[in-house]
Structure formats: structure tokens, C-alpha cells
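See below for the structure under consideration.
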Amino acid sequence: MVPFTDTPSWHALLAHRDALAPTPLDALWRGDPERGANFTFQCAGIAADFSKQRADAETLKLLVALARERDVPAAIATLFAGEKVNVTEGRPALHMALRGDEHFAVGGHDIYPEVQRNRERMRVFADAVRDGGWKGATGAQFTHVLAIGIGGSSLGPRLVIEALRGESDGPQVRFIANVDPAEFDDATRGLDEATTLVVVASKTFATQETTMNAIAARDWICGSLGEGAAAKHFVAATANRAAAAEFGLPDCNVFPFEDWVGGRYSVWSSVGLPIAIALGSARFEQLLAGAHATDLHFRSNPLERNVPALLGLFGVWNRNALNMASHAVLSYASRMENLPAYLQQLEMESNGKRVDREGRAVLFPTCPVVWGGTETPGQHAFHQWLHQGTDFASCDFIVVAQPMGSRAIHHEILLANACAQSQALMTGNDPGDPHRVSTGNRVSTTLVLPKLDAFHLGALLAIYEHQVFVQASVWGINPFDQFGVELGKTIANAILPAVQGANVPLHPATSHLLDVIRKLSESH
Ligand code: F6P
């Protein structure tokens, strides 16, 4: 496949960009009373307002033409057909199979029965933990869950449980991701071993941080309750049943998923077990249902009104035509404080790539830096940079229509601020004093959820998953591998003996840095 930058539709888009450049975004809005309606689309109950993108009807047409030229519709069909879209690892990417009631096949084998069986086992277990049917070794009911895992094995459950904390009616969940011992100490402080269930989530069951934390948790619980307690207090969510067995877990404590579920797409699998325990399996099912509604939308809607596809295409427009290297996720929902971190992994681990699917270096930028925060606190921190900085960032505003707390006036202020910020970024102002000038012409998309519940959260996350896929399809890269994370892990393993005092060959820069660390450690 030729690079997308060599296609006629991309050349048409660049010519169009130059023609559009003199017209400020605000003027595009003022010149078209229908712009709001024409640039707002619905997906699974979520409204996506693209009217503050630097684009007109022609841009939309040309972006869709680009997607067609890049065979995005065929790529979507291939994804859902269970073909090996993860070309470097020779696997399909079928996280969609976990959240609907459709029959998907892998290598001609119907995976539906197994998916449903795993889902049912999760449901039964989560309900049993919640109602006391599954108790700890002393016969006490569980009050807390320690959720051990990192990256995709942690960020999803953490986001969902914290976003829906208003509905939490089960055991409290605490997360341990980092190998920093402070995290283990902080998470276990005040917990009673007898009433704590540990869920170890790891696709590979070989991740160093997770393994160390799982061993520490086992020492902590079994040190107090005896070796036999592990079978009652530990369960695993993994694609590596053998490693879980080696850790000492019987089969019935292992909730498996398959290698066609990527780590950053695994919240829908048994990795979501802490969600089902904290919020109930009915809410977990709602999360899946929301994501499934997005899948149906993504598969069946023409690109012109396909929200994940448009989100992806405007991302390409901003990144490659308008040269924005930075993308901010601005969550006007304090409970969704972990959304930027979740999307950071989803987008940057998927599309932070420098070669195409065939292994050739790409000659255009791919994934921008994804970052963000919760609002309104971010307005009192980095929004200065968004309004007056020398770089231009694209922004996603995440807004929830219905109040998330009891004080109506607070929610009204929240909404006013969300609308004000995207308007100010677009219009800017010029009061004469150069220090006070905001240039405006700064772009954003606003995604409006009717309410912050499991269904719409699931729908939102799936929108972003498919956005990533669409961008990868245009760029011609594989979003489903992550080899870039391996080198550092390997080097860390080689350095560890030196940290522990052994005399092993080191790069001089590392040797120097370890010396600096050692001296400071000894001097205090
Ligand atoms: O280091 C990257 C990564 O492989 C992520 O893709 C993954 O989500 C995370 O580590 C955790 O991996 P695992 O679930 O195998 O422990």
C-alpha cells in the first residue's frame, strides 16, 4: 500500500487546507447557521460535536474520500471478520466479541460458547463475592479487593470503578500497578488480610511489576492466614493459565481470556472482574452493552456519520494537515479523572509507531502526544498554554449532560465552563494589549454523554478504540503490537544485579547514574 500522503485524496486535502487557511474557525461558524447540526452526530446515545474543527463541508467530504481510498470500510470488515489484523503477532483483535451476543470466529472456530462461558463464570463469581457466597479463609466476607495489574490490566478497571463510584455498592477496590514499594504499602494500609480478595490481572502473567506485587500480596495474606488461604483469597485474570497455575492457583480461580484480546483492549474481559465485584455484574454487563452499541454503529454507519471514524479522520486532519503534535483530553467530570491516562495508553501504545504494516519507515507523523486532565481544575493550570501557547493542540471536551452530584448549581457552572472554554479557544479575543491576546482558531471536539453511567462509559471507550483503528488504517500501521516497550524492560533486567551490588558490565552512562544514586542514598 502506498503511504497515504501519496494518494490523490490527501493531495486534494492539502490544497483544500491551504484554501481554507485564511478563514478563521469562528468565521466558518458565523457563515453557516446549520454548522452545529451538520457537524454533530450521534453514537450509542453520545453526541459528537465536530463543529469546532477547522473544517467545512468540503473537508468532511475529502476526509471521507481519503478513508475510502485507504480502504477503511474494508479494514473494518476485516477486523470484525476475525482476520489476523495484528500482522506482526499473527493474531486477530476481537475484543468486540467480548461485549455482544454475536458469533465471531477465530481460525474458523466459533468462539461464542467459550466467551459466554467465561462471562457467566465471572458473573457467578462476582455475585458470590458480593453476597458472601465466596468467603475468605476465616469465613469472613470480603470488604476489599486489591486489584494488581499494570497498563491495560489496570487502567480500564480503575477508570470505570472511579467514574462510577457513585453507584459502587460492593467491596471497595484498591489498585496496585507500580513496583514502587510505597504503592503496595499505601494500598494495603489499614486492610484486614481476612477480608481482602486479591485479583491479579495480567495477560502474560509475566510482567515484572505485577509478579512482584502478586508475590508481595501472597506473602502478606498467607503470612497472616496460612499457605492454604491463597486458594480463597487469590484469583487471576490472564491469558496464561499455566503461569497462573505455577503461581499456585487452582483452575477454578483462573478467569481466562484469549490472546486475541490486546492488553489495552482487555477491560471487557475477565480483567474487568474488579468492576463486576465493585459495581455488580449487571452494571458490568451495561458497560459491555454500551461498547457493543458503539460496535454496531461503527460497523453499520456510513463514514459520513460514523462517529469513531470521524473522530479518527479529524485526528489525521489535525495531526498531518494542521501539524498538531499534541492532543488534550479535557474531562468535565471529576470522576473521570483517569480518562486521560486510559486514552494515553490506548492511543500512544497503539499508534506510537514509526513503521508501516510492512515494516517500512513512515515519512509522516503518527500518534500525537495524548494528555489531559479533569476540569475545571485544568483551567487553572494548563489552559493558559492551550489559549496562549506557541503550539496548537487539538482538544476533546468530555461533557456529561445530567448532574453527577446533588448540587444543581455546581453542575450548571461546570457546563458553563465547558462551553466557555471551547468557545474561547475558537474565538480568542484581542483587547489591544499583546499580553492579553488569545489568538483563537484553536480546535476541539465535544463529546456529550447524556449521563455518566456504565452504558455510556462503555460506549465512549469503544468510540476511542475504533478511532485508534481508523487512524491506524489511514496511516497504514499496526495498532495492536507494542514492541517499543520491550527494550527498556530487557535493560532493566540486566541492570538489576548492579543495583543489588553485583559487578556486571554496564553502559558508562548507567554506571555513572548508579554512582550518583548510590552516593545520595549513602549520604542521607
Ligand atoms: O508494557 C506494555 C504492556 O504489555 C501493555 O501492553 C499491557 O497492558 C501491560 O504491559 C501489562 O501486561 P500484562 O497484562 O501482560 O501484565
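Of L25, L14, L20, which residue is under 25 Å from V72 (Cα atoms) and open to solvent by less than 60 Å² (accessible area, probe 1.4 Å)?
L14
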For this session: Write out, first by first residue and then by second, each pair whose Cβ atoms fall under 6 Å of each other, whose residues are 6+ apart or on separate chains, and whose first residue, in the stretch 124-150, is without any contact (Cβ under 8 Å) to a residue 24 or more places away in the chain while the second is open to solvent by 60 Å² or more (accessible area, probe 1.4 Å).
Result: G132/Q141
Seminar exercise, completed: The one condition L249 fails out of (1) in contact with a Lys or Arg (Cβ under 6 Å, 6 or more places away or on another chain); (2) within 16 Å of the ligand (Cβ to nearest atom) is (1)
For this session: Report, by residue number, each residue of the stretch 170-193 that is under 18 Å from P274 (Cα atoms) and among the small types (G, A, S).
Result: G170, A177, A187
Exercise. Among the residues of the stretch 233-244, is there at least one that is more than 16 Å from the ligand (Cβ to nearest atom) and free of Cβ contacts under 8 Å to residues at least 24 places away in the same chain?
Worked result: no
Seminar exercise, completed: Among (1) under 30 Å from P256 (Cβ atoms); (2) outside any loop (DSSP other than H, G, I, E, B); (3) in contact (Cβ under 8 Å) with a residue 60 or more places away in the chain, Q116 falls short only on (3)
Exercise. Quick check: anything in the stretch 304-318 among the acidic types (D, E), touching a residue at least 40 places away in the same chain (Cβ under 8 Å) and either in a helix (DSSP H, G or I) or under 30 Å from E227 (Cβ atoms) (or both)?
Worked result: yes
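Do we find that A194 is away from the ligand (no atom under 12 Å from the Cβ) and of a type outside the set (V, I, T) in this structure? Break it down into steps so the answer makes sense when it comes.
Working: away from the ligand (no atom under 12 Å from the Cβ): yes; of a type outside the set (V, I, T): yes.
Answer is yes for this residue.
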For this session: Those residues that are in contact with a helix residue (DSSP H, G or I) (Cβ under 8 Å, 6 or more places away or on another chain) and open to solvent by 30 Å² or more (accessible area, probe 1.4 Å), I need them from the stretch 184-197; list them, please.
Result: E193
Exercise. When you scan the stretch 229-264, how many residues do you find that are of a type in the set (S, T, N, Q) and open to solvent by less than 10 Å² (accessible area, probe 1.4 Å)?
Worked result: 2
For this session: Determine if the stretch 211-223 includes at least one residue that is in contact with a helix residue (DSSP H, G or I) (Cβ under 6 Å, 6 or more places away or on another chain), without any contact (Cβ under 8 Å) to a residue 12 or more places away in the chain and under 17 Å from G248 (Cα atoms).
Result: yes
Exercise. When the residues of the stretch 371-410 are filtered to those that are closer than 20 Å to L164 by Cβ and of a type in the set (G, A, S), which remaining residue is surrounded by the most Cβ atoms within 10 Å (Cβ to Cβ)?
Worked result: G372
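I'm checking my understanding of the structure. Among residues of the stretch 203-232 that are of a type in the set (V, I, T) and assigned to a helix (DSSP H, G or I), which one is nearest to the ligand (Cβ to nearest atom)?
Quick first cut of the stretch 203-232, residues of a type in the set (V, I, T) only: 204, 207, 210-211, 215, 221.
Filter once more, so that each one left must be assigned to a helix (DSSP H, G or I): 210-211, 215, 221.
Details: T210: 5, T211: 9, I215: 14, I221: 20 Å.
So the residue we want is T210.
Step by step: first the residues of the stretch 455-514, then only those that are within 15 Å of the ligand (Cβ to nearest atom) and of a type in the set (S, T, N, Q), then the one that is nearest to V160 (Cα to Cα). Which residue is that? Before you say what the answer is, go through the steps one by one.
Just the residues of the stretch 455-514 that are within 15 Å of the ligand (Cβ to nearest atom), to begin with: 461, 465, 468, 478-493.
This time we only want the ones that are of a type in the set (S, T, N, Q), so: 478, 482, 490, 493.
Working: N478: 27, Q482: 24, T490: 32, N493: 33 Å.
Once the filter is applied, the top-ranked residue is Q482.
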For this session: Select from the stretch 319-338 the residues that are out of contact with any helix residue (DSSP H, G or I) (no Cβ under 6 Å at 6 or more places or on another chain) and in a helix (DSSP H, G or I) and list them in ascending order.
Result: R319, N320, S334
For this session: Having 3 or more residues that are among the polar types (S, T, N, Q) is the bar; report the strands (runs of 3 or more DSSP E) wholly within the stretch 349-459 that clear it.
Result: 444-449
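Specify the residue that is farthest from the ligand (Cβ to nearest atom); the eligible residues are those in the stretch 118-139 that are open to solvent by 30 Å² or more (accessible area, probe 1.4 Å) and of a type in the set (A, V, I, L, M, F, W, C).
Kept after step one, since they are open to solvent by 30 Å² or more (accessible area, probe 1.4 Å), are these residues of the stretch 118-139: 118-121, 123-124, 127, 130-131, 133-135, 137-139.
Then drop every residue that is not of a type in the set (A, V, I, L, M, F, W, C), which leaves 124, 134, 137.
Numbers: V124: 24, W134: 24, A137: 26 Å.
Looking at the filtered set, the residue picked out is A137.
Would you be able to tell me the number of residues in the stretch 1-18 that are in a loop (DSSP other than H, G, I, E, B) and free of Cβ contacts under 8 Å to residues at least 12 places away in the same chain? Even if it seems obvious, please write down each step before you answer.
Keep residues of the stretch 1-18 that are in a loop (DSSP other than H, G, I, E, B), which gives 1-3, 7.
Keeping just the survivors that are free of Cβ contacts under 8 Å to residues at least 12 places away in the same chain gives 2.
Number of matching residues: 1.
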Exercise. When both residues are 6+ apart or on different chains and their Cβ atoms are under 6 Å apart, which pairs have a first residue that lies in the stretch 482-511 and is modelled with pLDDT of 95 or more, and a second that is within 12 Å of the ligand (Cβ to nearest atom) and acidic (D, E)?
Worked result: Q482/E349
Seminar exercise, completed: The correct count of residues that are closer than 30 Å to S266 by Cα, of a type outside the set (A, V, I, L, M) and over 26 Å from the mean Cα position of the chain (by Cα) in the stretch 478-505 is 1
Seminar exercise, completed: Scanning the stretch 257-272 for residues that are of a type in the set (S, T, Y) and in a helix (DSSP H, G or I), the one farthest from the ligand (Cβ to nearest atom) turns out to be S270
Exercise. In this structure, is A147 under 17 Å from P256 (Cα atoms), in contact with a strand residue (DSSP E or B) (Cβ under 9 Å, 6 or more places away or on another chain) and not in a helix (DSSP H, G or I)?
Worked result: yes
Exercise. Which of the residues belonging to the stretch 143-170 are away from the ligand (no atom under 16 Å from the Cβ) and open to solvent by 10 Å² or more (accessible area, probe 1.4 Å)?
Worked result: T143, H144, I161, E162, R165, G166, E167, S168, D169, G170
Exercise. How many residues are under 13 Å from Q482 (Cα atoms), in contact with a strand residue (DSSP E or B) (Cβ under 7 Å, 6 or more places away or on another chain) and charged (D, E, K, R) if we restrict to the stretch 326-376?
Worked result: 2
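Select, from V200, V173, V179, the only residue that is assigned to a strand (DSSP E or B) and within 16 Å of the ligand (Cβ to nearest atom). Steps first, please.
Working: V173 fails: within 16 Å of the ligand (Cβ to nearest atom); V179 fails: assigned to a strand (DSSP E or B).
Going through V200, V173, V179 in turn, just one is assigned to a strand (DSSP E or B) and within 16 Å of the ligand (Cβ to nearest atom): V200.
The values are calculated or read from the model by the stated rules, or taken from the named source; none is laboratory data. This structure is a prediction, so every number in the text was calculated from the model and none was measured. Virtual Cβ from ideal backbone geometry, glycine too; neighbours counted across all protein chains shown. Accessible surface is based on the protein model in full, side chains and every heavy atom, while ligands, DNA and RNA are left aside. Shrake-Rupley method; radii C 1.70, N 1.55, O 1.52, S 1.80 Å.
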